[in-house]
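Engineer: Got a structure for you, written out below as structure tokens; questions coming shortly.
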Ligand code: GLN
């Protein structure tokens, strides 16, 4: 049983002796076991989690525990944790053990969070349904015949199905927001560079971000406060000071200027998703917030631009998985070249190979100008669209995804159809701005609907502010 809405309440219960952290960890461990059919985890750290819980419980009793003391966290298996497997849900890394810990994970540990396990995901975080895992598909907890979204599906499921308090995911084109939407939890993708990528296995380095999933805005804020900030091991991480999100959140009751981009409400939007978003906008208007329609004309080019650029980065980032330097190697190769070729052919999944091939193509001498350079130019136009609207409004509200969760297998044979489920999320990564998905009800089948909030770079606080307002509307 969970007797708390957020970490602050949990800590108060532990301090007053009403909740035992050890029992709380057992509760999560037993939920992981009971719901193993959902396939949310690749590794579970049963013994370490128990040990850590006792240690943290005594620190709490002595009054010297960290900010996140006792928060039980699951980590997407593309993030490194020293001494543990780092599979990236790929057969090529099935037996690879990490020799160091990602900065974001280390920061949680330093604040006395308890790491309960590593979650399943799409192979190397490439996918929108979590069907591309060498460890099998992850299932939606509301209905196991449906996908949980991807690529951080395991993390979203772990939070939605009470297998942990919060989870870390990564978002390159929507992989935190889209599964958050499909599973009915909150998921925040920070500004590019807000959280150090040290220890994150690279997918598309100029897009990749790390962020939290939680059941409350408060917990998202608590985790962001800890994981954000400069890290001298990631030269791209930002030196801009991190705000005290929790304190700031409790202080403000601003009137927000909310933009509604018309390009996000076009063809292909499921009617129930549209009406859920519209009804929230009506309530926000009634509460005194200013709502205005805005336009982001380059949105129509986002999917094409995103896939050209990320595949180009994939073809170069995944060069290192060659059978020699990391992970598994194919047996019985005649020579070195064969060994590279056989290892990659045998051990990488279909979607990953498709992206390496397409990425190599768009970077090749004859096509670089037509595809890669052009896409870089369009990326700039997308960024400029956002800069223009953020001079008029504080935040944007859109659907997170055009539909609720789809059936397992429904789109897996049609990559283009699958890529279209990212239509509302990729723009934020192209522009480097933050976005968050928050649950706003469900469709006629009981499948969750997500609302996306976007803000200008480093304005995570604006997302959290509007998120809290919507969370109250939904209660
Ligand atoms: N679904 C998108 C893709 O397949 C986004 C993945 C991600 O954000 N990691 O590329």
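Engineer: What residue, of 61, 65, 102, is at pLDDT 95 or above and within 17 Å of the chain's Cα centre (by Cα)?
Structural biologist: 102
Listed here are the residues, each with its yes/no results for (1) within 19 Å of residue 174 (Cβ to Cβ); (2) away from the ligand (no atom under 16 Å from the Cβ).
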site: 397; (1), (2): yes, yes
site: 427; (1), (2): yes, no
site: 433; (1), (2): yes, no
site: 441; (1), (2): no, yes
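Engineer: Quick check on the range 160-184: of everything there that is within 11 Å of the chain's Cα centre (by Cα) and in a strand (DSSP E or B), which residue is surrounded by the most Cβ atoms within 10 Å (Cβ to Cβ)?
Structural biologist: Across the range 160-184, the extreme among qualifying residues is 169.
Engineer: Then there is this: Check every one of the helices (runs of 4 or more DSSP H) wholly within the range 185-288 and list those with 1 or more residues that are in contact with a strand residue (DSSP E or B) (Cβ under 8 Å, 6 or more places away or on another chain) and away from the ligand (no atom under 16 Å from the Cβ).
Structural biologist: 217-227, 271-286
Engineer: With the requirement that a residue be more than 16 Å from the ligand (Cβ to nearest atom) and either in a loop (DSSP other than H, G, I, E, B) or within 26 Å of residue 339 (Cβ to Cβ) (or both), what does the range 297-325 give you?
Structural biologist: Those that are more than 16 Å from the ligand (Cβ to nearest atom) and either in a loop (DSSP other than H, G, I, E, B) or within 26 Å of residue 339 (Cβ to Cβ) (or both): 319, 320, 321, 322, 323, 324, 325.
Engineer: Return a yes/no flag: does the range 437-452 have any residue that is in contact (Cβ under 8 Å) with a residue 60 or more places away in the chain and out of contact with any helix residue (DSSP H, G or I) (no Cβ under 9 Å at 6 or more places or on another chain).
Structural biologist: From the range 437-452, those in contact (Cβ under 8 Å) with a residue 60 or more places away in the chain are 437-452; that's our starting set.
Still in the list and also out of contact with any helix residue (DSSP H, G or I) (no Cβ under 9 Å at 6 or more places or on another chain): 445-446.
Within the range 437-452, one or more residues are in contact (Cβ under 8 Å) with a residue 60 or more places away in the chain and out of contact with any helix residue (DSSP H, G or I) (no Cβ under 9 Å at 6 or more places or on another chain).
Engineer: Let me ask you something else. Pairs only if they're at least six apart or on different chains, beta carbon under 8 angstrom, first in the range 145-156 and surrounded by fewer than 24 Cβ atoms within 10 Å (Cβ to Cβ), second in a helix (DSSP H, G or I) and modelled with pLDDT of 95 or more; list them, first residue then second.
Structural biologist: Partner pairs satisfying both residue conditions: 146/182.
Engineer: Determine whether the range 29-48 contains at least one residue that is at pLDDT 95 or above, over 21 Å from the mean Cα position of the chain (by Cα) and over 30 Å from residue 145 (Cα atoms).
Structural biologist: The answer is yes; a qualifying residue exists.
Engineer: Which of the helices (runs of 4 or more DSSP H) found entirely inside the range 1-115 contain at least 1 residues meeting this: closer than 29 Å to residue 125 by Cα and out of contact with any strand residue (DSSP E or B) (no Cβ under 9 Å at 6 or more places or on another chain)? Full working, then the answer.
Structural biologist: Working: elements: 7-15, 21-34, 46-62, 103-110.
Because the criterion is at least 1 residues that are closer than 29 Å to residue 125 by Cα and out of contact with any strand residue (DSSP E or B) (no Cβ under 9 Å at 6 or more places or on another chain), the helices (runs of 4 or more DSSP H) in the range 1-115 that meet it are 21-34, 46-62, 103-110.
Engineer: Inspect the range 367-375 for any residue being without any contact (Cβ under 8 Å) to a residue 60 or more places away in the chain, buried (at least 17 other Cβ atoms within 10 Å of the Cβ) and touching a helix residue (DSSP H, G or I) at 6+ places or on another chain (Cβ under 7 Å) and give the result as yes or no.
Structural biologist: no
Engineer: Another question, if that's okay. Checking residue 137 against (1) within 16 Å of the ligand (Cβ to nearest atom); (2) within 21 Å of residue 441 (Cα to Cα); (3) in contact (Cβ under 8 Å) with a residue 60 or more places away in the chain; (4) part of a loop (DSSP other than H, G, I, E, B), which test does it fail?
Structural biologist: The one condition residue 137 does not meet is (2).
Engineer: Considering each of 345, 413, 403 in turn, give the residue that is away from the ligand (no atom under 13 Å from the Cβ), out of contact with any helix residue (DSSP H, G or I) (no Cβ under 7 Å at 6 or more places or on another chain) and either within 24 Å of residue 177 (Cα to Cα) or in a loop (DSSP other than H, G, I, E, B) (or both). So that I can check it myself, show each step before the final result.
Structural biologist: On the way: 345 fails: either within 24 Å of residue 177 (Cα to Cα) or in a loop (DSSP other than H, G, I, E, B) (or both); 403 fails: out of contact with any helix residue (DSSP H, G or I) (no Cβ under 7 Å at 6 or more places or on another chain).
After ruling out the rest, the residue left standing is 413.
The values are calculated or read from the model by the stated rules, or taken from the named source; none is laboratory data. These numbers were taken from a predicted model, which means no experiment stands behind them. Glycine also receives a Cβ, built like all others from the backbone with ideal geometry; neighbour counts cover every protein chain displayed.
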